[in-house]
Every structure is written in C-alpha cells, then in structure tokens.
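Down below is the structure, laid out as structure tokens.
The values are calculated or read from the model by the stated rules, or taken from the named source; none is laboratory data. None of these values were measured; they are calculated from a predicted model. Methodologically, a virtual Cβ is constructed for each residue, glycine included, from the backbone with ideal geometry; neighbour enumeration extends over all protein chains shown.
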Amino acid sequence: MADPSPIAANLKTILRRIEAAARAAGRDPAGITLVAVSKTHRVAAVRAALAAGQSVFGENRVQEAAQKFPLPGAKLRLIGGLQTNKAAQAVQLADAIDSLDRPRLADAIGNAAQKQGRLPELLVQVNIGDEPQKSGIALADADNFIRAMRARFGTSLAGLMCIPPEGEDPLPYFQHLATMADTHGLPVRSMGMSGDFEAAIQAGATHVRIGSAIFGSRA
Ligand SMILES: *Cc1c(COP(=O)(O)O)cnc(C)c1O
C-alpha cells in the first residue's frame, strides 16, 4: 500500500535532520523553528502538514497566500519580495513578514499597521551576497536601515532574513547574517532552505524555510 501522506513522512525526516544539525552544533533543537514553505502547493498539502503537527508556514505571494490562509492552528510567514501595494493585505493576513527591504515598504507596512491596529513580526531581508537582481537591502545600507527599522517598529523588528548566492558555499553568508543580527541585538535569523539548512543551523539559524523537501518539487 502506498504511503497516504508523504508530507507527514517528509516532515518527520526534516525534523530529525534539524535535530541532528542542532546537536552537532551544540544547540537546543527547540531554538529552531521549521517554516514549511507551501508556495505553489494546494491548501490540501497545507492541511496534511497541519494534521501531521506542523504549524508554521511560508508563502511567497500575498494573493496566493490569501487563498489558503488563515487556517485554524496555522501561522503564516510571508517570505517573498513584497510589492508596496500588497502591504496592507500582507499586514492583515500574515503573522510575520520576512522580506522588509526598503523604506517605502516600511512606510506602507507602518501605515497599514496603524489603520488596522495590527503589526506582524518583521524581519529585514539582507541581500547578503550583494547580488544586483536579488531583493533585500544592499549590504552597504543594511546597518542604517536595520537601525531605522528598529527605531520605527521596536521589538516587532525581530530579526534578519537572507538567501545566499546560488552555487557558492552558503556557510560564510549565513555566518555574516548571524553576526549582523548579533550586532543589532536581534534574536531571529531566518536562513537555510531545503538544500542548505544544516549549514544555516550550524551558523545560528532560528528559522529554516523548507519547501521542496516537505511538499515535493514545484512545477
Ligand atoms: C521557495 C523558498 C524557500 C524554500 O525553498 P526550497 O528549496 O523548496 O526549500 C525558502 N525561502 C524562500 C525565500 C523561498 O522563496
């Protein structure tokens, strides 16, 4: 008989690998949150993960996320580049926005939060490899931007997020992000995906964002 829920089995495997990576790094596995990235997958997949005990989910696009969330028991993190005109909907829907990366987006989020009386947790996305095509605040501007966001949003600005350059050893990039978070006294470091989360845990990730290793490959 075929396994009725590969998602549950995949989750189990990933949680075991997170635990092993944490122990290898001398860290408490409880300090690492698995963000199950459900972008492009149906709400049925999210429900299967929820039924298997997973509670934190990541989505890239606000419109797609709004078709699946809110779901009772699920926390939603928006992890993709966010358009300013989607900020109000993002503030309404998300428990966290991991991709704050420019002043105009901060204004839009701040205005929406004031109107709605609700402010999600925020992470500053840092363009850690200084890649021209990638979202994230440029390295040269990052310290000033993070300070300004901390001043504006207080402890709701909880940490930093990054996606290292493809095809390179990610570890030095993860270490760089962790150092920046330390410098600014920020507790949250969202880094590591299906292919590199163990290195991210080694470098101090508090949130790993894993999609394909849980839900299968995307079309
Ligand atoms: C899609 C995505 C992920 C998950 O990637 P996988 O390789 O499928 O684990 C993580 N973070 C961000 C920002 C993403 O867009």
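General remarks:
- Filter result for the condition that a residue is among the polar types (S, T, N, Q) and out of contact with any strand residue (DSSP E or B) (no Cβ under 7 Å at 6 or more places or on another chain), over 125, 202: 202
- If the condition is being within 16 Å of the ligand (Cβ to nearest atom), closer than 19 Å to residue 155 by Cβ and touching a helix residue (DSSP H, G or I) at 6+ places or on another chain (Cβ under 7 Å), then region 84-104 contributes 97, 100.
- Tabulated pairs, region 162-176, first farther than 18 Å from residue 123 by Cβ and modelled with pLDDT of 95 or more, second polar (S, T, N, Q) and surrounded by 14 or more Cβ atoms within 10 Å (Cβ to Cβ), C-beta under 8 angstrom, 6+ apart or interchain: 171/202
- In the set (1) within 17 Å of residue 189 (Cα to Cα); (2) of a type in the set (Gly, Ala, Ser); (3) buried (at least 24 other Cβ atoms within 10 Å of the Cβ), residue 156 fails one condition alone, (3).
- Candidate set: region 62-83, residues that are of a type in the set (Gly, Ala, Ser) and more than 15 Å from the ligand (Cβ to nearest atom); chosen: the one surrounded by the most Cβ atoms within 10 Å (Cβ to Cβ): 74
- Helices (runs of 4 or more DSSP H) fully within region 3-101 that include at least 3 residues being in contact (Cβ under 8 Å) with a residue 60 or more places away in the chain: 6-24.
- Only one entry in 52, 25, 30 is under 19 Å from residue 193 (Cβ atoms), of a type outside the set (Phe, Trp, Tyr) and at pLDDT 95 or above, namely 25.
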